[in-house]
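Student: My questions will all concern the structure given below.
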Amino acid sequence: MTIETTDHSLTQRAEWKALEAHFESMSETTLRDLFAADSSRGETLSADGAELFFDYSKNRLTSETIGMLIDLAEACGLRERTERMFTGDKINTTENRAVLHTALRSPKGAVIEVDGVNVVPHVHEVLDRMSAFSDRIRSGDWTGHTGKRIKNVVNIGIGGSDLGPVMAYEALKPFSDRSMTFRFVSNVDGNDFAEKTRDLCPEETLFIISSKTFTTLETMTNARTARDWSLAGLGGDDAAVAKHFVAVSTNAKGVGAFGIDTANMFGFWDWVGGRYSMDSAIGLSTMLAIGPDHFREMLAGFHEMDEHFRTTPYERNLPALLGLVGLWNRNFLGCDTVAVLPYDNELCRFSAYLQQLEMESNGKHATLGGDRVGWDTCPVIWGEPGTNGQHAFYQMIHQGTKPVPCDFICFCQPANPIGDHQDKLVSNVFAQAEALAFGKTEAEVSSEGVAEDLLPHKEFDGNRPTNVVMTQRLDPMTLGRLVALYEHKVFTQGTIWGINSFDQWGVELGKVLAKKIIPELTQDETVTTHDSSTNQLINRYRAHRLS
Ligand code: G6Q
């Protein structure tokens, strides 16, 4: 069955039409005009919440625009749907599941029910078990099969069972136990496993097999390779598995069948989506790295942003504003991509993490009702830490043919205060946002004595939208706040776009086809069952593969 009906209900809303008319009326107004007309624009169009400062004044909008976007959010039921999410309603309708990542960070006494069962005690029971286990590993009380201390932790997982853990490990490295080594194996490409384990000693290595389903091709393949690698280095005794493998999963049966004692399994629940799971047991590697206390600080940061999102009026609500400004840029200015540019090297995996969070959640063409959306949904999310990106792709952001809205993220205090590095780093955030907003006219360039023929090359249009998120320093609490900021941004946009941000059917088709192709790569007969291109590629590979 194909989607036959296109849904135009969102674009037919009075609030949407009002925004269209409003955009028309200001489409020629530039950021130079807007700042010239209002000397307190910076203060007006910024907000503080959950210890983050959010300046969205360098977007092509006004307070009136924000008010109209809020009207749209209200008309689309954002407030009610937020409550439905927080209270465990099954808003993931295509999978008939509640969406309760917010329960993972709720305080012990809270009551959040799914099918009449309060899930909060279960969350805390797993957290307590993770803490006890982490303490044993970190203190050296838990030893490997040959009695040696565990010094290396390898997380095996992919997608939501990898991107959060890697990102958090990199972000919080300054808080980690430096006597331990952490590695993350995700790709089914054998190079990933080989390179990440080549210098590790099996006697000192613990594998965390992180898989919600415990059926994922990549993870199960790597897990079996890890077991072979481990047993080969430990004398082949199957009993060694109990000391060197733990699992994080919702599938106790699969974990048992793999040979991991379910006593060494840390569970979570079907109401935690993979890309929303870094604060569940999927974060076990994070807890082993930074310790249980820091992990709980991270959860407290998440919770602080949850409460901020749930209770703060949208005029001052950071995730709602981030979502609404993004929606304005996407649907009214027509921007196809958003660059997330953290000015902190430790956030080197943050953009990759957000790519999954945003694009897997909101990269959808079907509405909740099953029609085709009559409006654009998620833009492409991409980015790299600054200042490195400035010496690579910022050229396009400044002088390319289409605006690329940017989120700059920066910190007042560095984890490693060395000389004037931080001032030089952060000055670039302010300079980039200023340059993108105001540009440099040909007249200004000319007044610097630049030759006439070079003027078109050296002028900057400006008028390019940016946000700045600034806070004190990158620590576990801040990371929790930042991730929750984007989680609820995604929710805000997904709610207005009328899509289910919590399924991911789009990843299925390729997986199914790959399963069919795997045995064809080693069959004796020439493959003829696909189209001429796919047949040709498979047969060429068959002819040249190592056998
Ligand atoms: C995330 C997705 C996806 C998932 C991986 C790994 O929201 O569902 O990225 O996390 O496919 O799945 P498992 O954890 O089940 O191995």
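Student: Could you identify the single residue in F133, F184 that is within 16 Å of the ligand (Cβ to nearest atom), closer than 25 Å to A223 by Cα and among the aromatic types (F, W, Y)?
Tutor: F184
Student: Going residue by residue through segment 450-458, is there one that turns out to be farther than 17 Å from A339 by Cβ and assigned to a loop (DSSP other than H, G, I, E, B)?
Tutor: yes
Student: Further question: Of everything in segment 501-542, what is hydrophobic (A, V, I, L, M, F, W, C), free of Cβ contacts under 8 Å to residues at least 40 places away in the same chain and open to solvent by 50 Å² or more (accessible area, probe 1.4 Å)? Give them in sequence order.
Tutor: Across segment 501-542, the qualifying residues are L509, V512, L513, I518, L537.
So that you can scan it fast, the table gives a plain yes or no per residue for (1) without any contact (Cβ under 8 Å) to a residue 12 or more places away in the chain; (2) farther than 29 Å from M359 by Cα; (3) touching a Gly at 6+ places or on another chain (Cβ under 9 Å):
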{"position": "A132", "(1), (2), (3)": "yes, yes, no"}
{"position": "G144", "(1), (2), (3)": "no, yes, no"}
{"position": "V154", "(1), (2), (3)": "no, no, no"}
{"position": "S161", "(1), (2), (3)": "no, no, yes"}
{"position": "G164", "(1), (2), (3)": "no, no, yes"}
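Student: Residues being in a helix (DSSP H, G or I), open to solvent by 40 Å² or more (accessible area, probe 1.4 Å) and under 27 Å from D376 (Cβ atoms): count how many of those fall in segment 24-45.
Tutor: So the answer is 3.
Student: Still on this model: Here's a check for you: in segment 374-417, which residue that is over 12 Å from D336 (Cα atoms) and among the charged types (D, E, K, R) is most open to solvent (accessible area, probe 1.4 Å)?
Tutor: My answer is E384.
Student: Could you list all residues from segment 251-287 that are away from the ligand (no atom under 12 Å from the Cβ) and among the polar types (S, T, N, Q)?
Tutor: Correct list: T262, N264, S285, T286.
Student: Could you check segment 161-181 and list, in sequence order, the residues that are of a type in the set (G, A, S), within 16 Å of the ligand (Cβ to nearest atom) and within 21 Å of P385 (Cα to Cα)?
Tutor: Selection gives G164, A168.
Student: Only one of these is touching a Ser or Thr at 6+ places or on another chain (Cβ under 7 Å), more than 21 Å from N59 (Cα to Cα) and of a type in the set (D, E, K, R): D453, D503, D524, D475. Name it.
Tutor: The conditions single out D503.
Student: Pull up segment 55-76, narrow it to residues that are in a loop (DSSP other than H, G, I, E, B) and open to solvent by less than 10 Å² (accessible area, probe 1.4 Å), then point me to the one that is nearest to A14 (Cα to Cα).
Tutor: Ranking the qualifying residues of segment 55-76, first place goes to L61.
Student: Still on this model: Give E170, E113 a once-over and let me know the one that is open to solvent by 20 Å² or more (accessible area, probe 1.4 Å) and more than 21 Å from D293 (Cβ to Cβ).
Tutor: On the way: E170 fails: more than 21 Å from D293 (Cβ to Cβ).
Every option except E113 fails the conditions.
Student: Kindly indicate the residue of segment 243-275 that is in a strand (DSSP E or B) and of a type in the set (A, V, I, L, M) and also most open to solvent (accessible area, probe 1.4 Å) among those meeting that condition.
Tutor: Across segment 243-275, the extreme among qualifying residues is M265.
Student: Only one of (1) under 15 Å from G283 (Cα atoms); (2) away from the ligand (no atom under 16 Å from the Cβ) is not met by G190, so which one is it?
Tutor: (1)
Student: Here is a follow-up. Across segment 196-221, which residue is farthest from the ligand (Cβ to nearest atom) among those that are surrounded by fewer than 19 Cβ atoms within 10 Å (Cβ to Cβ) and either without any contact (Cβ under 8 Å) to a residue 12 or more places away in the chain or under 22 Å from G254 (Cβ atoms) (or both)?
Tutor: D199
A quick yes/no check of all residues on (1) under 22 Å from the mean Cα position of the chain (by Cα); (2) more than 26 Å from G140 (Cβ to Cβ):
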site	(1), (2)
S285	yes, no
I290	yes, no
A300	yes, yes
M305	yes, yes
T312	no, yes
R316	no, yes
G323	yes, yes
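Student: Ok, one more. Given the structure, is S134 within 15 Å of H244 (Cα to Cα), within 28 Å of the chain's Cα centre (by Cα) and open to solvent by less than 10 Å² (accessible area, probe 1.4 Å)? Steps first, answer last, please.
Tutor: On the way: within 15 Å of H244 (Cα to Cα): yes; within 28 Å of the chain's Cα centre (by Cα): yes; open to solvent by less than 10 Å² (accessible area, probe 1.4 Å): yes.
Considered against the rule, which asks whether it is within 15 Å of H244 (Cα to Cα), within 28 Å of the chain's Cα centre (by Cα) and open to solvent by less than 10 Å² (accessible area, probe 1.4 Å), S134 comes out as yes.
The values are calculated or read from the model by the stated rules, or taken from the named source; none is laboratory data. Bear in mind that the values here come from a model prediction, so they are computed numbers and not experimental data. Cβ sites come from the backbone with ideal geometry, for glycine too, and all protein chains shown count toward neighbours. Accessible surface is based on the protein model in full, side chains and every heavy atom, while ligands, DNA and RNA are left aside. Shrake-Rupley method; radii C 1.70, N 1.55, O 1.52, S 1.80 Å.
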